[in-house]
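For reference, the structure is listed below as structure tokens.
Each reported figure results from applying straightforward, stated rules to the coordinates on display, with no laboratory input. Note that the structure is a prediction, hence the values are computed from the model and not measured. Cβ atoms come from the backbone with ideal geometry, glycine included; neighbour counts cover every protein chain shown.
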Amino acid sequence: MLKAIFLLLFSTLTFASDHAGFSLQRWNNKLVVTINHDKGWHTYWKNPGDAGIASSFKFFKGSSELNLKPSEWPVPKLYVEAGDIQTIGYAGKQHFFFDSHAGHIKAVINVLICKDICIPGSATLLLGESEQFTSDRKEKPATNEELEKKFSELPALGQLPEGFEYYLTKTKDKNELVLHYSLPNVSSTELSRKLSLLTSFPMNPFTFKRESIYFKDGVLYGKTTIDWDGEYLDPPVALPENGKFAQDYQVPFLFNPPGKGEIKVVNLTFSDFSVGSEALDQFYKSLETATPTPSTENAGIATFVTYMILAFLGGLILNLMPCVLPVISLKLFSLIKYQDSSRKRLLRHNLFFTMGVISTLLALASVVVALKAGGEEIGWGFQLQSPSFILFMMLLLFIMTMNMFGLFEFKTPGGSKLGSAEVKDSIWGDFFTGVLTTILSTPCSAPFLGTALTFAFTTSYFTVYLIFVFIGLGISFPFLLTALFPSTLKFLPRPGMWMEKLKYVLGFTLLVTTIWLYDVFVSLVDFDLISWRVNLLFACWFFLFFFSKKVKNRFVPATLIVLTLGLTLVAFKDLKLRSQASAIHATSKWTPWSEAKLTELKGEVVFMDFTAEWCLTCKVNKKLVLETSAFEEMAAREGIKLLRADWTKRDDHITQFLRRHNVVGVPAYFVQKKDGTIVHLGETISVSKVEKNIK
């Protein structure tokens, strides 16, 4: 009825052709109709939702209508319009494919195109026998590459995932059905709100209304109300009183898989239904009390601001984490030298440090967005799963270590000065320190940070960028504070000769960080095959700077430069990325984690340690808690099974498990109780915390 009113209200309007362009072309034994919507305007899918009219495509040869078989339409998008009206349709440039036909073709396209108002209209396109393309806007034809890509993205027929269950009930005293369904092992953050889990195709005698989704204990529950329209058929078909349909109905749906996966067409078979009960109503009321993780499309402003604050606090705490302390010490070292500088100069230095932090985080956010768009499962610190990146960072920190030990000084190409400051003390030195601080902070997870990152990694691309910016502001905040209030620097000691000795201490901390990365690198590659190259590479870099300072003959340094750069290129080129045994070896107490092992141990209490060789916080927690006699005695006393998941190298099984439990980085600790309930303990643990949560 609503759709009929819609059509009646706007039937007197003419189509505004400047809101969309239409074209018709032949391609690969197909006819392709393209609708190019203007910004902000959209048309409708086969099932338009609460309102709207589906687009229609008809083809004629002369006066005779052709029955050209269509390919499946492109995947649509869910829109929420004024008045909380949910519709399903298309924006941007969309291609619709049909079986081709030789000779002259006339295509008649009828659409309802909407923005703030809805305008019905039509376009007629004529394609001659020898013509390949025609358009009402003089647009260019789509390229073969574009059409091949879009055709490959059309939803194909598929199967429902394992564990998916569904059934029908009838609403009491109404000519109405309800489709109920459930899917286990799903996190509330995994379902894209751009489309419902199940989106029905038009199917008589059913009219499907909007979907309601609930999450509880790792299970997704959904229900969709269905109007029974059998009484409007010719002849009328009554809803059977015995709950058994006279025939089985095969009803097609678009299935939007939670998390990673392509949208596909699935068929549900409707054979019978039962009458709803009060117990079922009470069950849904209990589900309504569960609060799913919000997305950027339905989160309130207050919720959104909360996550920004958590990101800021997480970034602030990262300054105290062991991963980043060596580089932060370098920045504090420079602040001591700037104590007597003007506020303007101090602000300039700290702003460039902040720019280094935030620009690096934005670059990481761009990588995250690109990988997410490609369907990859990633988490915080993902770059430290790359051996090439680790080798680069090892060399960089090693060179910085030699600089702190005085083997060489950074200089500009034109001399030792840049204005009145050496390059190492310049604003670009601050920018570089910010870059390095950010890179070394990413292996660490901190309180508040995990919650904010989960929100970012599981919502929109815009949120990823925004969360990363606020993390950067948190990292930079102590230094911005000293720039705005220079009096805070009075708490630091005055500059003096002691700073020359402190440089050696800072150099030592950088060397320790390099050794840590060396240990991570060994765990990622088949080190026996490339160990001599890597070790020789570090030796060459050392002697390059040593001889450059100690030997006046330029031939020796020049030879070493060529040898060192050549060996560096060879090392990166021949880097072996072979898999090898887990870097974090299982012991008699710890068993390697797997989903299968977790299922096998159901009925027993299980403690899970998600860790990585590059995670310093993990190592600290291990020394302070997991490897203590108190923890071992408690585990033995309570009969706790210990599982350890090694995320040093990329492992999609671990990533997906963490994602299902709203975690995107390590360390992460979980307890599985005897009834199978899994409890996330957070990033920090204690013996008492574990003991409390196993009960």
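For Ala645, the residues 5 or more places off, or on other chains, whose built amide H falls under 5 Å of its own are Trp593, Asp609, Phe610, Thr611.
Name the residue farthest towards the positive end of the dipole of segment 590-693 from the options Gly665, Val605, Trp593, assuming +1 on Cβ of Lys and Arg, -1 on Cβ of Asp and Glu, about the Cα centre. Looking along the dipole axis, the top candidate is Gly665. Taking N as the residue count of segment 29-187, its C-alpha radius of gyration divided by 2.2 N^0.38 Å amounts to 1.27.
Past the 25 Å Cα-Cα mark, which pairs from Lys69/Lys223; Lys69/Lys150; Lys619/Lys692; Lys264/Lys597; Lys170/Lys264?
Working: Lys69/Lys223 32 Å; Lys69/Lys150 18 Å; Lys619/Lys692 23 Å; Lys264/Lys597 31 Å; Lys170/Lys264 28 Å.
Those over the limit are Lys69/Lys223; Lys264/Lys597; Lys170/Lys264.
Pairs spanning more than 20 Å between alpha-carbon atoms, out of Lys46/Lys93; Lys115/Lys149; Lys589/Lys641: Lys115/Lys149.
Taking label points 7 Å from Cα along the Cα-to-Cβ direction, Lys77 and Leu480 give a separation of 3.2 nm.
This model, with +1 at the C-beta of Lys and Arg and -1 at the C-beta of Asp and Glu, gives segment 590-693 a dipole about its Cα centre of some 160 debye. A simple spin-label model places pseudo-atoms 7 Å from Cα toward Cβ; at Leu563 and Arg210 they are separated by 7.3 nm.
Treating the beta-carbon of each Lys and Arg as +1 and of each Asp and Glu as -1, no other charges, what is the dipole magnitude of segment 148-273 about its Cα centre, to the nearest 20 debye? All intermediate terms of the calculation are to be shown ahead of the outcome.
Numbers: 14 positive and 17 negative charges, 99 e Å.
Charge dipole of segment 148-273: 480 debye, to the nearest 20.
Relative to the current alpha-carbon distance between Thr269 and Phe542, full extension at 0.36 nm per residue lengthens the span by 91.2 nm.
Across segment 590-693, the volume of the C-alpha convex hull divided among the residues equals 90 Å³ per residue. Normalised by 2.2 N^0.38 Å, where N is the number of residues, the alpha-carbon radius of gyration of segment 165-288 equals 1.10. Distance between the pseudo-spin-label points of Glu146 and Tyr284 (7 Å out from Cα toward the beta carbon): 4.4 nm. Contact order for segment 606-687, expressed relative to its length and based on alpha carbon pairs under 8 Å spaced 6+ residues apart, stands at 43 percent. In order along segment 673-688, the Karplus-derived 3J(HN,Hα) couplings, from 6.51 cos²θ - 1.76 cosθ + 1.60 at θ = phi - 60°, round to 6, 4, 7, x, 5, 9, 10, 8, 8, x, 8, 10, 9, 8, 4, 5 Hz, and Gly and Pro are given as x.
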